[in-house]
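Asker: The structure that follows is given in the form of structure tokens.
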Amino acid sequence: MLAGRAALAAVLPGPSHSTTIALTYDDTRVVVANRDVNTVSVIQVGNGLTDLHNKLAEIPVGIEPECVAITPDNKRAFVTNAVDGTVSDISLVNFTVLKTIPVGTEPRGCALTPSGGTLYVANHTSGTVSVINTTNDTVSNTITLGGNPYAVAITDFGHGTDTAETIFVTDFFAHPIGRGEGFDTGKQGIVWAFRFGVNSVHPIPLSPLTNVGFTADRTAFCPKSNPKLQSQLFCPNINATPGSAVITQNPQGCFPNQLYSGVIRPVPGTTLKPQLRVTSICAEPEPPVMFNTNIQAVIKSVDTSALAQVTAEDDNLNAQIKTDTSTVGLGGLFAGDIVAIDATLNGSVYLIVSRNNDYVVKATVDPTTGFLDINPTHANPAKITRFATGHIPTSVVISTDGTRAYTNNDVSTSVSVLDLQSPSITFADISSSEPPAPGTPEDIVRVGKLVFFTGLGVPPGDSIFSTPIQNIPTVANRNQASKNGWSSCASCHTDGLSDHVTWIFPAGPRRSIPLDGTIDKDNPFNSRVLLWSASRDSNLDFNQNSIKVQGGNGFAGTPPDPAIYDHGITEGNPALDALTTWVQIGARPLLQPQPTNATALAEVAAGATVFKSNCASCHGGPKWTKSEIFYIDNPAFTSDPNAVPPKTPGVPIDPGINQGISNAGAQIVTLTRNNNTFEKTFKYLENVGTFHPGNPLEIRGQGAAAGQLALGALGFNVPSLLSIAYHAPYLHDGAAQTLQAVFPLHQLPGGKTIATTLNATQQADLVLFLNSIDGRTATFQSEAEKFKDGE
């Protein structure tokens, strides 16, 4: 029989929050979600007197377990399963699943009320929170929030009386404010708050930072310095003399984005109410997009009583790290991709996870400012305490006595044991699930995930496929992915998807591309030309991104292997090959809510018919885009045969497709097929009327053409519509915040727009169909299929 609320022997010792690893309240066992193998492990880590490292059980649950919450009596654990849309209730006595509870789509964070009687679950793509009565394991209520709920945290004001508590849920992505897309202060974060048993929701804005502690040189964006300037939008002072500090040392801002985690704790030494501290991969998209003006590691704070942000406590950890010039071990590494936070119950010590750098950093609360301080002496950066972990940690949990901490290492499928009293002691690592054997297909995918998520590096050559993945040295190969661990591919492509940010890149304003529609999941040779401007054609672009944006050396050697270049081979470098394999398999399209009643099903079906007639030629096919690499590998589209190494064979090509590529500079425009019986031209760039040269935002972000007119006059490479409901904003510059807003902007042949071509009913049905598209949706034939078949 399920243990009911009345049977619980205790209450939680403090506020609860989302985590992928949880510790029983007697500090004896950890329960860890093994996301890639669909299990949960229970590991004995102590018996009250001695440290132990005994794996007690590995329990199969649903697909992609995301969050673990343990009841106060230490007898049950609840686990959210992302793909299944369920919660598993697990017995920690006999290690079995007691019941599986359906919730919304793509559940992420979860947390229990102090009594353990109610579990709150954030449904990421449903935009809802499921309220589960743990007495009978049923959903008692569903609260609609909108957006993309992620992390959950719950107070303990009532000391076990649930009715006194407040539930906080982060919206993962930022919301536009002010000037919106493309600006460092153009968006704000949102945390929703609501009382126990109440459905009314209070949104708490998290404002952008106006000064993150780093500056940028805006010389190329000021009229007195750049005679070819397209617009003055990003010049700090158009009247300033070239070389003035106001231009060359312009303070940068950022907006809170990717709110992975939050924890509620008291503020030591004060009478302040407990605060919710939220992690943020804070985005700064203004030009130039460089490694230290790209993302920041920002902690935002919320007063849990006033339900308002504590504006004085905007804290960028990187601004504290920047004076640490050490290159020994973890020294000098920035706080890239902060995704989790925990603290001692009294709030005296915090631990923050830097996912891409395989470490956890220690912080205390500054009694004057309330900031989380990672450098208490403020004089010796070497005093920053970093704890090494296994590969790609996703959560950390601190023991109730404050002496130990444990991290869940996603790629290593291991648990790191950290001695908080002796940070110099090398961490112990416990296998939570056996990693795949080196060199197996599963291992290659896992290595690719490591390359995608690390901000450090991996050894060159094939040794990465013969070494157990937990033993691949990342810190020893630092500065490949980014300079001093600043960022990773995953920083802007969370889980291989998108951060929903419009960046001012070298080609112009570009919304981050979700990679789930880049490579056909069933055919690795069916790959989309990658970028909006069709200026690069494969995931090897991430090597260029590591060098040109993230300040690293790349994975292809220094100087880079000459076989690795834009429009280059898609095979040949072990690290980049593995990364491409992970993108194909691991960048999973998120599931979207589906209609259930007959009326809604009929409307979606009608929308599919509208889509087939009006949209499928460009947005059909297995990738939901006609964009496809048909041509033989072309090292560069240039008449100079010495510009790059000669053509390298190895890229498959359909018989009869010749080398008839038309290009404009670096952009692929068309490809012509001639099989001696007919000739046909395939267009990569489509001009749908969304590029406006008069828009001051249409400006190139860096390089020789910085400040000049952006690319786009020839059109854009067709984007994928796979799980499109999840990937707002829309269009290359993020000009449409909703699908409905796309319709009056997107032109069709003949000069009409979607809005003027379709009637109101057709538009409404089309939106319903678009919102339903995910990896399960049947596709339609695109122009690419017809081109291949010679139609």
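The values are calculated or read from the model by the stated rules, or taken from the named source; none is laboratory data. Since the model is a prediction, treat every value here as computed from it, not as a measurement. Backbone-built Cβ (ideal geometry, glycine too); neighbour counts: all protein chains shown. Areas reflect the complete protein model, heavy atoms only, side chains present, ligands, DNA and RNA absent. Shrake-Rupley method; radii C 1.70, N 1.55, O 1.52, S 1.80 Å.
Asker: Hey, got a sec? Which trypsin sites (Lys or Arg not before Pro) in the range 147-216 land in a DSSP loop and have at most 15 other Cβ atoms within 10 Å? Walk me through the numbers before you get to the answer.
Answerer: On the way: sites: Arg179, Lys187, Arg195; in loops: Arg179.
Sites meeting the loop and neighbour criteria: Arg179.
Asker: What whole number of Å gives the distance from the Cα centroid of the range 678-711 to the Cα centroid of the range 325-365?
Answerer: 41 Å
Asker: By its C-alpha gyration tensor, with a ≥ b ≥ c as the square roots of the eigenvalues, how is the range 438-492 shaped: rounded for a/c under 1.5, else prolate for a/b larger than b/c, else oblate?
Answerer: Values: a/c = 2.72, a/b = 1.57, b/c = 1.73.
Taking the square roots of the gyration eigenvalues as a ≥ b ≥ c, the range 438-492 is oblate.
Asker: Quick check for you: with a 1.4 Å probe and neighbouring chains kept, what is the accessible area per residue of the range 413-570, in Å²? Kindly include the intermediate steps, with their values, before the conclusion.
Answerer: Working: 4890 Å² over 158 residues.
Roughly 31 Å² per residue, with all protein chains present.
Asker: Using just the helices of the chain, give the 222 nm mean residue ellipticity in deg cm²/dmol: DSSP H runs with n ≥ 4 each add -39,500 (n - 2.57), and the total is spread over all residues, rounded to 500.
Answerer: Details: 12 runs with 96 residues, N = 791.
Value at 222 nm, helices only, nearest 500: -3500 deg cm²/dmol.
Asker: Looking at the square roots a ≥ b ≥ c of the eigenvalues of the Cα gyration tensor of the range 163-289, which shape do they give, rounded for a/c under 1.5, prolate if a/b is larger than b/c, or oblate?
Answerer: The shape class here is prolate.
Asker: Give the Rg (one decimal place) followed by the Dmax (whole number) of the range 141-182, computed from C-alpha coordinates and expressed in Å.
Answerer: Values for the range 141-182 (Cα only, Rg and Dmax): 14.8, 45 Å.
Asker: Give the distance, in whole Å, between the Cα centre of the range 145-219 and the Cα centre of the range 88-115.
Answerer: 25 Å
Asker: When only the heavy atoms of the protein chains count and the probe is 1.4 Å, how do His202, His391 rank by accessible area, highest first?
Answerer: Heavy-atom accessible area, descending, gives His202, His391.
Asker: Using a probe of 1.4 angstrom, how much of the accessible area of the range 674-791 is carbon and sulfur, in percent?
Answerer: Of the solvent-accessible surface of the range 674-791, carbon and sulfur hold 54 percent.
Asker: Under 28 Å between alpha carbons, and skipping anything fewer than 8 positions from Lys483 in its own chain: which lysines qualify?
Answerer: Lys187, Lys300, Lys322, Lys362, Lys383, Lys449, Lys548
Asker: Keeping all protein chains in position, work out how much accessible area Phe555 exposes to a 1.4 Å probe, and write it in Å² to the nearest 10.
Answerer: 20 Å²
Asker: Between Phe95 and Val246, what length comes free when the chain is fully extended (0.36 nm per residue of separation minus the Cα-Cα distance, one decimal in nm)? Provide the component values of the computation, followed by the final result.
Answerer: Values: separation 151, 0.36 × 151 = 54.36 nm, distance 6.22 nm.
Extra length available between Phe95 and Val246 comes to 48.1 nm.
Asker: As an exercise, use a Förster radius of 60 Å and the Cβ-Cβ distance of Asp520 and Ser422 to find the FRET efficiency, rounded to the nearest 0.05.
Answerer: 0.75
Asker: Averaging sequence separations of C-alpha pairs under 8 Å and six or more residues apart, then dividing by the length of the range 261-343, give the relative contact order as a whole percent.
Answerer: That works out to 29 percent.
Asker: How big is the range 693-770 along each principal axis, measuring the range of its Cα positions in Å and listing the largest first?
Answerer: On the principal axes, the range 693-770 reaches 47, 29, 19 Å in Cα extent.
Asker: Under a Cβ-Cβ cut-off of 11 Å, what is the net charge of the residues other than Ile90 that fall near it, where Lys and Arg count +1 and Asp and Glu count -1?
Answerer: +2
Asker: Can you compute the FRET efficiency between Thr138 and Thr50 using 1/(1 + (r/R0)^6), with r the Cβ-Cβ distance and R0 = 41 Å? Round to the nearest 0.05.
Answerer: 0.50
Asker: Relative contact order (percent) for the chain, with alpha-carbon contacts under 8 angstrom and 6 or more residues of separation? Each step should come with its number before you reach the end.
Answerer: Details: 2153 pairs, mean separation 70.5, N = 791.
Averaging sequence separation for qualifying contacts and normalising by length gives 9 percent for the chain.
Asker: May I ask you to give the percent of accessible area on the range 1-135 that is carbon plus sulfur, with a probe radius of 1.4 Å?
Answerer: C and S atoms contribute 54 percent here.
Asker: Okay, moving on. Straight-line reach from Lys683: which lysines have a Cα under 16 Å away, not including same-chain ones fewer than 8 places off?
Answerer: Cross-link targets: Lys626, Lys786, Lys788.
Asker: A further question on this structure: Kindly report the accessible area of the range 11-161 per residue (heavy atoms of protein chains, probe 1.4 Å, no ligands, DNA or RNA), in Å².
Answerer: 30 Å²
Asker: Quick check on the range 1-116: take the gyration tensor over C-alpha atoms, sort the square-rooted eigenvalues as a ≥ b ≥ c, and tell me if it's rounded (a/c under 1.5), prolate or oblate.
Answerer: Because a/c hits 1.5 or more and a/b fails to exceed b/c, the range 1-116 counts as oblate.
Asker: Can you compute the modelled spin-label distance between Asp217 and Lys322, with each label point 7 Å from Cα toward Cβ, in nm?
Answerer: My value for the distance between the label points is 1.6 nm.
Asker: Please report, as a whole percent, how much of the solvent-accessible surface of the range 282-410 comes from carbon and sulfur atoms (probe radius 1.4 Å).
Answerer: Roughly 55 percent, rounded to a whole number.
Asker: Over the chain, what per residue volume does the convex hull of the Cα atoms give, in whole Å³?
Answerer: Value for the chain: 162 Å³ per residue.
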